[in-house]
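Only one structure is covered here, and it is reproduced in the block below.
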Amino acid sequence: MKNLFLAALFLFSGNTLFAQKAKVNSAISDKEAGKLDKAWESIQETVNPANPKAEKTVNWSGAWQARGEIIEATIISKDEKFKHLVPNAVEEAFKSYMKAIELEEKGSNPALKIKLLTFSNTLINAAVEAYQANEYAKAADYFEKKLALDKTSVFKADGAIDTAIMYNTGLAAMNAKQYDKAIKYFTDCTKYGYNGGSSFAQIISAYQLLGTKADTIKAVEIMKQAFEKYPNDQSINVQLINYYIMSGQPNEAISYLDKAIEKEKDNSSFYLAKGVALDKLGRQDDAIEVYKKAIEVKPENADAYYNIGVIYFNRGVKQFDVANAVPTNDQVRYDVEKKKSDDFFKQAVPYLENAVKYNPKDTYILEQLKNLYYRLKMMDKFDALNKKQ
């Protein structure tokens with residue numbers, strides 16, 4: 001009698017498992033038929049730990065795989081009524097597939113792998129859609145989930161590293177202002193040599209945006225590493241140049257500017273930056289020559305014209321102070337010193353005129369030129385300039 005009871009118990013248990021697995025299959029059939037709401041309701045019953053009938057399927061890989069498939073179907077569905085059927089659908093589908101992987105006893109299930117390959121594309125498409133909608137944090141999260149799938153036992157043996165997705169994760173994180181996360185993924189890219197100096201440039205930008213003194217030091221360290229590894233990448237060189245100029249280290253800036261000019265002799269911006277650095281060092285004559293080189297390379301370089309004009313203008317102001325310091329009873333000497341001042345001002349005129357010519361909307365430069373005309377009593381030009389305003 002006891003053996004009969006046990007046999008009946010096993011039969012009941014087997015029937016329950018069969019019934020629940022049949023429910024999973026039924027849910028998949030409903031999914032295939034486009035009845036996603038019905039499929040969702042059915043599959044939920046099979047993985048609900050509060051449902052006594054789900055005792056066997058709640059820990060069955062196939063049930064969780066089916067749940068992932070059904071949720072994924074709602075994600076890619078073109079029917080609006082299914083779009084919001086499952087809250088946090090991408091997250092829930094990911095959890096389902098990861099649970100299916102965890103419960104897969106065989107360690108390798110070709111059918112599951114095929115489904116996961118499809119889901120990887122779904123994650124990428126969802127990430128791209130989120131990125132285009134300016135939902136950058138969500139995009140970064142979806143890209144991360146794709147990378148997490150790649151690391152699971154299902155794909156581990158393949159040994160593939162999706163560096164493009166790593167880079168995109170970093171970009172999304174940068175836009176989401178998740179700078180630590182961005183640094184992590186761009187650093188991973190550098191380990192695989194992906195995107196050359198661009199990955200380093202992104203790391204540097206992230207550290208700079210974090211903004212602490214320690215982060216700035218780290219950014220400079222990365223700049224130097226990047227320059228050593230990619231000496232021909234001008235974007236890295238430019239970052240170093242900008243850092244040294246902004247931090248008041250013109251000698252260091254000049255060192256990297258010379259390297260940049262050596263690679264791009266026709267880049268007017270490099271000559272302009274070098275002129276600024278030389279000017280900061282008090283080497284105005286050298287600065288003028290470099291500014292002239294910038295103009296030679298790019299004749300419409302308004303900033304180079306302006307900077308030369310300012311050097312001569314400032315010399316004129318300084319010399320005017322010398323003239324004013326002459327005793328009032330020494331008119332001859334005053335006239336000599338005043339003429340020197342006017343000569344400097346006259347040298348400034350053509351450069352400021354060209355600065356205005358190539359940058360006519362800059363009212364500050366315009367006012368400086370008017371002031372110069374007035375000082376030199378060039379009233380015809382002064383009046384003509386006033387009429388244009």
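Take residues that are of a type in the set (Val, Ile, Thr) and within 30 Å of TRP60 (Cβ to Cβ) and tell me which of the helices (runs of 4 or more DSSP H) falling wholly in segment 109-201 contain 3 or more.
Filter on segment 109-201 gives 110-132.
Contact annotation: residue pairs with Cβ atoms under 6 Å, 6 or more positions apart or on different chains, pairing a residue in segment 312-340 that is in contact (Cβ under 8 Å) with a residue 12 or more places away in the chain and assigned to a helix (DSSP H, G or I) with a partner that is aromatic (Phe, Trp, Tyr) and crowded, with 16+ Cβ neighbours inside 10 Å, are TYR312/PHE344; ARG315/PHE344; GLY316/PHE344; GLY316/PHE345; GLN319/PHE344; ALA323/TYR334.
In segment 40-88, the residue that is surrounded by the most Cβ atoms within 10 Å (Cβ to Cβ) out of those that are under 37 Å from the mean Cα position of the chain (by Cα), at pLDDT below 90 and of a type in the set (D, E, K, R) is LYS83. Scanning segment 337-351 turns up one or more residues that are closer than 19 Å to ILE295 by Cβ and of a type in the set (Phe, Trp, Tyr).
Among the residues of segment 188-217, how many are closer than 15 Å to ILE236 by Cβ and surrounded by 15 or more Cβ atoms within 10 Å (Cβ to Cβ)?
Going through segment 188-217 one residue at a time, the tally reaches 16.
ILE236: surrounded by 17 or more Cβ atoms within 10 Å (Cβ to Cβ), β-branched (Val, Ile, Thr), modelled with pLDDT under 90 and assigned to a helix (DSSP H, G or I), yes or no? Yes; evaluated as a whole, the condition is true for this residue. The set of residues from segment 125-170 being basic (Lys, Arg), without any contact (Cβ under 8 Å) to a residue 24 or more places away in the chain and within 22 Å of ALA206 (Cβ to Cβ) comprises just one member, LYS138.
Are any residues in segment 149-183 surrounded by fewer than 18 Cβ atoms within 10 Å (Cβ to Cβ) and either within 20 Å of GLN208 (Cβ to Cβ) or in contact with a strand residue (DSSP E or B) (Cβ under 7 Å, 6 or more places away or on another chain) (or both), and if so, which ones? If the condition is that a residue be surrounded by fewer than 18 Cβ atoms within 10 Å (Cβ to Cβ) and either within 20 Å of GLN208 (Cβ to Cβ) or in contact with a strand residue (DSSP E or B) (Cβ under 7 Å, 6 or more places away or on another chain) (or both), then ASN175, LYS177, ASP180 are the ones that fit. When ILE288, ILE204, ILE217 are checked against the criterion of being within 22 Å of ASP303 (Cα to Cα) and either assigned to a helix (DSSP H, G or I) or hydrophobic (A, V, I, L, M, F, W, C) (or both), a single residue qualifies: ILE288.
Pairing each residue of segment 176-203 that is small (Gly, Ala, Ser) with any residue that is modelled with pLDDT of 95 or more and outside any helix (DSSP H, G or I), provided the two are 6+ apart or on different chains, yields C-beta distances under 9 Å for ALA176/GLU135; ALA182/ALA176.
The residues in segment 131-152 that are hydrophobic (A, V, I, L, M, F, W, C), under 20 Å from ALA73 (Cα atoms) and more than 16 Å from the chain's Cα centre (by Cα) can be counted, and the count is 1.
The values are calculated or read from the model by the stated rules, or taken from the named source; none is laboratory data. Predicted model only: the values in this text are computed from it and were never measured. Cβ atoms come from the backbone with ideal geometry, glycine included; neighbour counts cover every protein chain shown.
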